1. Can you pull the three principal axis extents for the Cα set of the range 14-127, in Å, largest first?
2. With all protein chains present, how much of the accessible area of the chain (probe radius 1.4 Å) comes from carbon and sulfur, to the nearest whole percent?
3. Over the chain, give the accessible area per residue in Å² for a 1.4 Å probe, as an integer.
4. Grab the beta carbon distance between Gln82 and Glu111, set R0 = 30 Å, and tell me the FRET efficiency rounded to 0.05.
5. Net charge near Ser126: determine it from the other residues with C-beta under 15 Å of the C-beta of Ser126, scoring Lys and Arg +1 and Asp and Glu -1.
6. Residue by residue through the range 78-94, which ³J(HN,Hα) values in whole Hz follow from phi under the Karplus form 6.51 cos²θ - 1.76 cosθ + 1.60 (θ = phi - 60°), with glycine and proline marked x?
7. Could you state the number of Å between the C-alpha centres of the range 67-106 and the range 19-39?
8. With springs only between Cα atoms under 10 Å, which of Lys43, Lys31, Lys65 fluctuates most in a Gaussian network model of the chain?
Amino acid sequence: QVQLVESGGGLVQAGDSLRLSCAASGLTFSKYVMAWFRQAPGKEREFVAAISWTGGSTAYADSVKGRFTISRDNAKNTVYLQMNSLKPEDTAVYYCAAVGSNWGGPAYTKEYEYDSWGQGTQVTVSS
């Protein structure tokens, strides 16, 4: 179905910034809601940020509000996650997700609302 490939992860110090990218291919729907989730060792995958097709609606987890910004470039079929003021607790594998929508959808926040997932990119934030 949809292939999602994340990039941009790495090892940084607390307070640093990273910009993650997720490139989508094999799209069969005209419009997709896209999101970022993350999973730390020993923890469940959790919601980070989501964005509607137009970018008019976004949603963020409370833990990243004010620090992370999700955006998209539909011409490139790419979604981004700008992460600023990174903290050690942000350390996780970050996954992008997508779900097709006839109208572009809202910014879905639940894992079960997405049906396409990338392989993940590691983000490690040291103290």
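1. Result, largest extent first: 43, 25, 23 Å.
2. Answer for the chain: carbon and sulfur cover 47 percent of the accessible area.
3. That works out to 50 Å² per residue.
4. With R0 = 30 Å, the Cβ-Cβ based efficiency is 0.85.
5. Spelling it out: positives minus negatives among the neighbours equals -2.
6. Taking θ as phi minus 60°, the curve returns 10, 10, 10, 9, 8, 10, 10, 6, 5, 10, x, 5, 7, 4, 4, 8, 9 Hz for the range 78-94.
7. Using only Cα atoms to place each centre, the spacing works out to 7 Å.
8. Of Lys43, Lys31, Lys65, the Gaussian network model singles out Lys43 as fluctuating most.
The values are calculated or read from the model by the stated rules, or taken from the named source; none is laboratory data. Worth saying up front: this structure is predicted, and the values here are computed from it rather than measured. When we count neighbours, we look across all protein chains shown, and the Cβ atoms used for this are built from the backbone with ideal geometry, even at glycine. Ligands, DNA and RNA are stripped out before the accessible areas are found, and what is left, the full protein with its side chains, is counted by its heavy atoms. Shrake-Rupley method; radii C 1.70, N 1.55, O 1.52, S 1.80 Å.
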